[in-house]
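**Q** Before I ask anything, here is the structure I am working with.
The values are calculated or read from the model by the stated rules, or taken from the named source; none is laboratory data. Note that the structure is a prediction, hence the values are computed from the model and not measured. Glycine gets a Cβ as well: all are built from the backbone with ideal geometry, and neighbour counts include every protein chain shown.
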């Protein structure tokens with residue numbers, strides 16, 4: 001690359017500043033693994049290192065609010081444009097450069113597990129004051145926040161940054177098995193949060209939720225604060241939105257499950273089976289967190305969702321036998337005056353579309369096994385599999401008999417159908433069942 005002019009370096013610097021965190025990390029990793037470099041790339045690497053260190057300090061100082069500055073997701077209730085975080089940090093560097101430098105210097109020697117200093121919370125307080133001021137260095141950050149939930153709500157989040165930071169440290173304990181000591185810490189923290197402002201409680205839970213990879217788990221923390229409340233109390237409180245959000249996410253996922261068909265493909269079967277599992281997990285979380293009533297708003301909704309889940313799965317199960325019959329066609333022959341039997345038909349080559357449909361349904365049936373009991377469709381699934389296994393076993397035996405008889409049947413085509421039957425046996429049972437069919441086919 002050679003030496004870069006200051007103008008070009010300025011362009012690169014602006015591009016780096018605008019790049020997302022993941023891009024900066026990836027570029028730095030790529031340059032670090034492929035060195036040493038010429039003067040130009042060395043300068044670029046140094047800029048990336050400086051930018052990465054700056055962003056690490058920013059994300060650590062603003063850790064309580066950082067996930068809120070992102071594109072909204074299904075569980076988002078409080079969000080701000082992604083650029084808000086960078087604008088806040090830029091304003092802090094203008095208004096309190098020495099404090100920012102001190103924070104960055106501390107992080108250079110910080111190790112995981114070390115306590116974070118009070119200066120981080122002081123910087124958050126300084127940012128809250130700046131957002132509430134008119135004009136000044138924080139004007140751009142305030143305008144960006146107004147495009148989301150608003151500057152006052154962002155300032156309110158920064159007001160409780162220290163308490164949220166403590167809450168994030170305690171979150172693994174609060175999300176585990178709750179005992180008296182953990183519940184006492186949680187309720188004391190929540191009391192301190194509510195003492196900051198009348199509406200600080202919901203903000204606290206919004207900030208905790210944004211950090212969770214499984215956001216529905218926030219219901220455990222809410223239940224800990226309320227001591228496993230009755231749904232009437234929870235659904236009428238200022239925290240009702242969190243329960244409604246989980247119920248809404250279940251409805252969204254149920255629609256995805258209902259849209260699944262045999263023609264959706266195997267990849268879709270994997271995805272939807274995981275969605276089924278997710279629904280059962282979220283339903284269990286609601287039932288364990290609140291005392292639901294059969295005639296309550298949440299209780300009725302949960303009962304309806306559980307019924308809808310079971311009906312959607314059973315609808316797919318009902319198509320399984322027909323899908324397998326399409327992939328492994330048979331024809332009816334008479335073996336007596338009043339007796340007929342279905343025997344494998346080899347007049348046409350296997351239909352790839354029919355085979356894919358059967359494999360898609362069986363993939364789904366196989367992968368919802370772990371969710372069957374919790375989802376209320378274990379009996380229907382077991383009954384469907386019993387019929388499928390009987391059909392497959394009978395078909396395999398009949399094809400092997402045709403091969404052994406060697407009475408004019410198209411043996412290559414028969415073996416092709418036998419391979420399909422082996423694959424479907426593997427999906428309906430396990431890999432061992434498929435191996436047994438293939439060994440028998442090889443020996444035939």
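So that you can scan it fast, the table gives a plain yes or no per residue for (1) surrounded by fewer than 20 Cβ atoms within 10 Å (Cβ to Cβ); (2) within 21 Å of residue 214 (Cα to Cα); (3) in contact (Cβ under 8 Å) with a residue 12 or more places away in the chain; (4) assigned by TED's automatic domain parsing to the domain that holds residue 77:
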residue: 238; (1), (2), (3), (4): yes, no, yes, no
residue: 255; (1), (2), (3), (4): yes, yes, no, no
residue: 267; (1), (2), (3), (4): yes, no, no, no
residue: 277; (1), (2), (3), (4): yes, yes, yes, no
residue: 280; (1), (2), (3), (4): no, yes, yes, no
residue: 287; (1), (2), (3), (4): yes, yes, yes, no
residue: 293; (1), (2), (3), (4): yes, no, yes, no
residue: 300; (1), (2), (3), (4): yes, no, no, no
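**Q** Which one of these does residue 379 not meet: (1) farther than 16 Å from residue 350 by Cβ; (2) buried (at least 19 other Cβ atoms within 10 Å of the Cβ)?
**A** In the conditions (1) farther than 16 Å from residue 350 by Cβ; (2) buried (at least 19 other Cβ atoms within 10 Å of the Cβ), residue 379 misses (2) alone.
**Q** Out of curiosity, is residue 49 over 26 Å from the mean Cα position of the chain (by Cα) and without any contact (Cβ under 8 Å) to a residue 40 or more places away in the chain?
**A** Yes, satisfied.
**Q** Residue 316 versus (1) out of contact with any helix residue (DSSP H, G or I) (no Cβ under 7 Å at 6 or more places or on another chain); (2) surrounded by 13 or more Cβ atoms within 10 Å (Cβ to Cβ); (3) modelled with pLDDT of 95 or more: which is the lone unmet condition?
**A** Here residue 316 clears every test but (1).
Here's the yes/no breakdown for (1) over 20 Å from residue 90 (Cα atoms); (2) modelled with pLDDT under 70; (3) buried (at least 17 other Cβ atoms within 10 Å of the Cβ); (4) under 34 Å from the mean Cα position of the chain (by Cα):
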residue	(1), (2), (3), (4)
7	yes, no, no, no
10	no, yes, no, no
16	no, yes, yes, yes
40	yes, yes, no, no
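Matching residues to (1) at pLDDT 90 or above; (2) assigned to a helix (DSSP H, G or I); (3) under 21 Å from the mean Cα position of the chain (by Cα); (4) within 17 Å of residue 125 (Cα to Cα):
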| residue | (1), (2), (3), (4) |
| --- | --- |
| 74 | no, no, yes, no |
| 79 | yes, no, yes, no |
| 103 | yes, yes, no, yes |
| 112 | no, no, no, no |
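**Q** Further question: Of (1) over 30 Å from the mean Cα position of the chain (by Cα); (2) touching a residue at least 24 places away in the same chain (Cβ under 8 Å), residue 207 satisfies all except one. Which?
**A** (1)
**Q** Which residue, of 188, 217, is part of a helix (DSSP H, G or I), closer than 21 Å to residue 240 by Cα and over 27 Å from the mean Cα position of the chain (by Cα)?
**A** Checking each option against the conditions leaves just 188.
**Q** Further question on the same structure: Looking at 181, 152, 169, 206, which is the one that is surrounded by 15 or more Cβ atoms within 10 Å (Cβ to Cβ) and in a helix (DSSP H, G or I)?
**A** Result: 206 is the single residue among 181, 152, 169, 206 that is surrounded by 15 or more Cβ atoms within 10 Å (Cβ to Cβ) and in a helix (DSSP H, G or I).
**Q** I'd like to know if segment 84-106 contains one or more residues that are closer than 30 Å to residue 220 by Cα and free of Cβ contacts under 8 Å to residues at least 24 places away in the same chain.
**A** No, segment 84-106 has no match at all.
**Q** Would you confirm, using the coordinates I've provided, whether residue 143 is part of a helix (DSSP H, G or I), without any contact (Cβ under 8 Å) to a residue 24 or more places away in the chain, over 35 Å from the mean Cα position of the chain (by Cα) and surrounded by fewer than 14 Cβ atoms within 10 Å (Cβ to Cβ)?
**A** Here the answer is no, as residue 143 does not meet what is asked.
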